[in-house]
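**Student:** Just passing along the structure, written as C-alpha cells.
The values are calculated or read from the model by the stated rules, or taken from the named source; none is laboratory data. The structure displayed is predicted, hence computed values, not measured ones. FYI the Cβ positions are ideal-geometry reconstructions off the backbone, even for glycines, and counts take in every protein chain you see. Keep in mind that these areas ignore ligands, DNA and RNA; they rest on the heavy atoms of the full protein, side chains included. Shrake-Rupley method; radii C 1.70, N 1.55, O 1.52, S 1.80 Å.
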Amino acid sequence: MPDTWLRLALAPGVGNTSLIRLLTAFGSPEAVLASGRSALAAHLSCAQCDALLAEPDAAQLDAAQAWLAQPGNSLMTLADEDYPKNLLEIADPPAVLYCKGRRDLLRQPCLGIVGSRNATPQGVRDAEAFARALADAGLTIVSGLALGIDAAAHRGGLAGAGSSIAIIGTGLDRIYPAHNKALAHQLAENGLIVSEFALGTPPLPGHFPRRNRLISGLSRGVLVVEAAPNSGSLITARVATEQGREVFAIPGSIHSPLARGCHALIKQGAKLVESAADILDELAWQQRLAPPVWAETRPDPILDALDGAPTTADTLAQRTGLTLDALSAKLLTLELEGRIASLPGGRYQKIH
C-alpha cells in the first residue's frame with residue numbers, strides 16, 4: 001500500500017493539487033496507476049502523464065522505502081484512519097505526510113505559535129513560556145522549526161505535557177536551519193517532525209508558505225509572538241483566518257519594529273493576549289493549566305511573598321532570595337498562568 005502512494009508522490013512534476021484531483025477522480029492510487037493515458041489526460045498535462053506512466057526512479061523509491069523501515073519513521077496518507085481531521089478541512093490537504101516521531105500527536109488538539117526569526121530576548125522568553133503553559137494545559141504546540149520564535153515554541157512545548165510538532169519545508173532527511181539539529185533530534189524523540197516534501201528536498205523559498213498552511217491547518221488557532229510588517233508569520237496568520245482558525249497576537253512596544261506585525265493583526269481583528277489563560281478562554285478550553293513542578297512540591301515562595309499589596313521585583317527578590325533573572329522568569333510563568341498580574345511601575349500583585 002505505501003509503495004503505490006510513494007509512486008504517486010514521487011512522480012516528478014505531479015504536485016499535491018494534481019494528486020488530490022487524481023485521487024478524487026479515480027478513488028485510489030492503485031486505480032490511478034492502472035489508468036491509461038487517455039483517462040489521465042483528462043486531469044493532467046502531457047508532461048505529467050509521461051511522468052506518471054514512466055517507470056519510477058528506482059534509487060529514489062528504494063531510499064524512501066529504506067527510510068520508512070527505520071524505527072519512528074512512517075508515511076501518512078489520506079486513506080489512513082489517523083489522518084488528522086483538521087487537515088481534511090483545508091483547501092489543499094496533503095496527500096501524503098512523511099512523519100518522524102510520535103505520529104499520534106497529529107490527532108491531539110494543537111495550537112500554532114509563530115513569529116520572527118530575529119526575535120528579541122523577551123520575545124523568545126514569551127514564546128517559550130506561552131508554549132510551556134499551553135502544553136501543560138493539554139495542547140500540542142505546532143511551529144516551523146525556524147530560528148527565533150519557532151525554536152522557542154518547540155522548546156516550551158517539549159517541556160510541557162502536550163509536546164510539540166515541527167512542520168518543515170524540506171525533506172525529513174534535511175534539517176534546516178542546521179543550527180536546530182539538536183532541537184530536531186529532541187522533537188524526533190519526544191515530539192514529531194512532519195513534511196509533505198520528499199526526502200532530499202532542499203529548503204526552497206516557495207516551500208515555506210506551503211508549510212505555513214499546514215501549521216495553521218493543523219491547529220485550532222495561531223499565536224503570533226513577534227513579527228515585522230512583512231513577516232512570513234503574517235502569511236500564516238492570514239491563511240489561518242481563511243481556514244477559519246483563531247488568530248492571537250501579543251502586543252509590544254510601539255517603538256519596536258517586531259511589534260508592528262502583531263499590532264497590525266490586532267487592528268484586523270486578532271485577539272490581543274497577555275496570558276495563556278486568554279487563549280484557553282477564547283478556545284473554551286476546559287482543562288486547567290498545570291502548576292509548575294517546583295510549585296507542586298513546596299509552597300510558591302513568590303506567591304507567599306506577595307502579601308496582598310502591589311510589590312516591586314526588587315522587593316520580591318529581597319523577600320525570596322532569588323536573583324532578578326530567576327525571579328523574572330518565574331514571574332513571567334506565573335503571569336502567563338493567570339496567577340499574578342503585572343501593574344504599572346514594575347509592580348506585581350497576586351490574583352486571588
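**Student:** May I ask for the angle, rounded to the nearest 10°, between helix 16-26 and the longest principal axis of the chain, with both axes built from Cα atoms and the value confined to 0 to 90°?
**Tutor:** 50
**Student:** Follow-up. Return the aspartates and glutamates within reach of Lys267: Cα separation strictly under 16 angstrom, same-chain partners fewer than 8 residues apart disregarded; answer none if there are no such residues.
**Tutor:** Glu226, Glu246
**Student:** What is the sum of charges around Pro310, taking Lys and Arg as +1, Asp and Glu as -1, for the other residues whose C-beta is under 11 Å from the C-beta of Pro310? Kindly include the intermediate steps, with their values, before the conclusion.
**Tutor:** On the way: positive: Arg347, Lys350; negative: Asp307.
Result for the neighbourhood of Pro310: +1.
**Student:** Given the DSSP H assignment, sum -39500 (n - 2.57) over each helix run of at least 4 residues in the chain and divide by its residue total; what's the result at 222 nm in deg cm²/dmol, nearest 500?
**Tutor:** It lands at -13000 deg cm²/dmol.
**Student:** Only one of the values (i) 182; (ii) 144; (iii) 127 was calculated from this structure for volume of the Cα convex hull per residue in Å³; name its label.
**Tutor:** The listed entry that was calculated here is (ii).
**Student:** To continue, here is another question. Percent of accessible area on the chain owned by carbon and sulfur, 1.4 Å probe?
**Tutor:** Numbers: 8420 of 15890 Å².
The value for the chain is 53 percent carbon and sulfur by accessible area.
**Student:** Mind checking which lysines have their Cα closer than 24 Å to the Cα of Lys350? Skip sequence neighbours fewer than 8 apart in that chain.
**Tutor:** Output for Lys350: Lys330.
**Student:** Kindly work out what percent of the DSSP beta bridges joining two residues of the chain are antiparallel, to the nearest 5. Don't skip to the end; give the middle numbers.
**Tutor:** Working: 15 of 33 bridges.
Within the chain, antiparallel bridges account for around 45 percent of the total.
**Student:** To the nearest 0.05, how large is the calculated FRET efficiency for Thr312 and His185 if R₀ is 41 Å and r is the Cβ-Cβ distance? If you can, show how the numbers build up before the last one.
**Tutor:** On the way: r = 42 Å, r/R0 = 1.01.
The value I calculate is 0.50.
**Student:** At a Cα cut-off below 17 Å, give the aspartates and glutamates reachable from Lys100, other chains included and same-chain residues fewer than 8 away excluded.
**Tutor:** Within the straight-line cut-off, Lys100 pairs with Asp80, Asp82, Asp173, Glu189, Glu196.
**Student:** Work out how much length Ile351 to Asn16 would gain on full extension: take 0.36 nm times their residue separation and subtract the Cα-Cα distance, in nm to one decimal. Don't skip to the answer; put the middle values down first.
**Tutor:** Values: separation 335, 0.36 × 335 = 120.60 nm, distance 5.03 nm.
So the extension gain works out to 115.6 nm.
**Student:** Cα gyration tensor of segment 1-89, axes a ≥ b ≥ c as square roots of the eigenvalues: rounded (a/c below 1.5), prolate (a/b > b/c) or oblate?
**Tutor:** On the way: a/c = 2.23, a/b = 1.25, b/c = 1.78.
Verdict is oblate for segment 1-89.
**Student:** Sticking with this structure for a sec: Please give the per residue accessible area of segment 130-190, computed with a probe of 1.4 Å over protein heavy atoms only, in Å².
**Tutor:** Details: 1830 Å² over 61 residues.
About 30 Å² of surface per residue is accessible.
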